[in-house]
Amino acid sequence: MSKALLLINCFVLSIGHCGGPLIMRLYFIHGGKRVWFSSWLETGGWPIILLPIACAYFHRSRTQPSSVNKLFFMKPRLFIAAAVIGTLTGLDDYIYAYGVARLPVSTVALIIASQLVFTAVFAFVLVKEKFTSYSINAVFLLTIGAGVLALNTSSDRPEKESKSEYISGFVMTVGAAALYGFILPLVELTYKKAKQEMSYALVMEIQMVMCLFATGFSTVGMVVNNDFKAISREAREFELGETKYYVVVVMSAIIWQCFYLGVIGIIFCSSSLVSGIVIAVLLPVTEILAVIFYKESFHAEKGVALALSLWGFLSYFYGEIKQSKKGSPPPPHLLQSEMTSVLNLNPSQSV
């Protein structure tokens with residue numbers, strides 16, 4: 001069941017990670033100029049999560065006594081942690097949107113590949129992630145792939161973009177990669193320090209709170225920047241038409257929710273390092289889609305990077321399969337959940 005849930009979250013993450021940058025870039029290419037509004041859309045679709053939370057609640061109402069069934073299980077300690085991480089996510093959303101506004105999708109993708117290195121370092125520091133030869137090999141290959149891609153970035157600068165704007169977008173995107181590389185292990189650390197039973201329903205609650213506070217952070221920026229007053233005017237001037245403007249906006253909010261839900265789901269099922277590796281292996285896929293839809297260049301360096309990324313991805317999961325055959329224990333938060341379930345089913349054996 002855990003492996004099936006992991007695969008589902010990988011699929012959901014794939015939709016969000018590949019579709020999110022493309023639709024965000026579509027907004028900027030055809031006349032969108034509001035960076036704060038674009039960052040707001042990355043988490044503004046958080047009410048969608050209320051639907052699966054409600055479904056989980058009604059499912060529990062049929063299988064559990066009403067006295068132990070709750071709509072929300074999050075305790076104050078966990079709520080505060082999710083709020084802090086959500087605020088950091090809001091900052092990261094703005095930095096990322098700033099980079100996408102000034103760089104081609106393919107260039108953004110290759111810079112974001114450096115996130116894996118930051119994730120690996122912070123995972124080692126925060127959650128004492130143990131590295132195997134396979135995971136080290138995966139990090140090395142994916143990092144080399146990003147370096148190969150970086151060899152030809154100078155030719156990717158858009159015609160209307162000044163050199164200073166391009167550099168600022170480059171620097172901001174690197175900052176976004178570093179900050180999100182810190183956020184992923186921080187989420188895993190939150191799971192381990194939660195001091196309450198972790199379940200996927202609770203993971204969705206954490207995701208909702210994170211997105212709520214991230215959206216609040218972006219809302220303050222929109223108010224200061226007068227974005228709310230400019231949206232209707234921007235919609236009328238959008239090159240694809242006013243109706244398609246709002247379609248782009250709504251789809252952007254939905255697709256980005258897939259990204260965040262997939263990320264925290266993978267962390268719950270496995271680890272923050274696994275989520276970082278899945279994100280890294282999807283970067284070349286995003287580049288290929290950018291070539292198809294936006295006619296961006298696909299030179300030899302990108303082909304080499306794609307091969308290295310796939311090699312690193314397969315290397316890591318081969319190592320995971322070998323490790324699972326040795327009977328490695330599940331992540332601590334999953335072990336805690338399983339033990340709690342056993343004790344609830346067998347109260348006579350509890351001490």
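The values are calculated or read from the model by the stated rules, or taken from the named source; none is laboratory data. Source: prediction; values computed, not measured. Ideal geometry is used to build each Cβ from the backbone, glycine not excepted, and the neighbour counts take in all protein chains shown. For accessibility, only protein heavy atoms count, side chains too; no ligands or nucleic acids. Shrake-Rupley method; radii C 1.70, N 1.55, O 1.52, S 1.80 Å.
Observations
- When His59, His17, His30 are compared by accessible area of protein heavy atoms, the largest-first order is His59, His30, His17, using a 1.4 Å probe.
- With all protein chains in place and ligands, DNA and RNA left out, the 1.4 Å accessible area ranks Lys322, Lys3, Lys193 as Lys3, Lys193, Lys322, largest first.
- Volume per residue for segment 221-266 equals 81 cubic angstrom (convex hull of Cα atoms).
- Restraint check, Lys195/Lys322; Lys163/Lys244; Lys33/Lys229; Lys70/Lys195; Lys3/Lys70, Cα-Cα greater than 22 Å: Lys195/Lys322; Lys163/Lys244; Lys3/Lys70
- When the residues Val105, Val250, Val291 are ordered by accessible surface, computed with a 1.4 Å probe over the protein chains alone, the sequence from largest down reads Val250, Val291, Val105.
- For segment 1-140, the Cβ-based charge dipole about the Cα centre amounts to some 360 debye (Lys, Arg positive; Asp, Glu negative; other atoms uncharged).
- Every Cα-Cα pair in segment 174-264 was counted, and those over 18 Å apart are 62% of them.
- Convex hull volume of segment 180-329 per residue (C-alpha atoms, cubic angstrom): 159
- Shape parameters for segment 112-151, alpha-carbon atoms, Rg then Dmax in Å: 10.7, 33
- Tail fraction, Cα-Cα pairs, segment 1-151, threshold 18 Å, whole percent: 74
- Protection-proxy order for peptides 255-267, 122-134, each taking the mean of Cβ atoms within 10 Å per residue, highest first: 255-267, 122-134
- Ranked packing of 174-182, 110-118, 218-226, most packed first, by mean Cβ within 10 Å: 110-118, 174-182, 218-226
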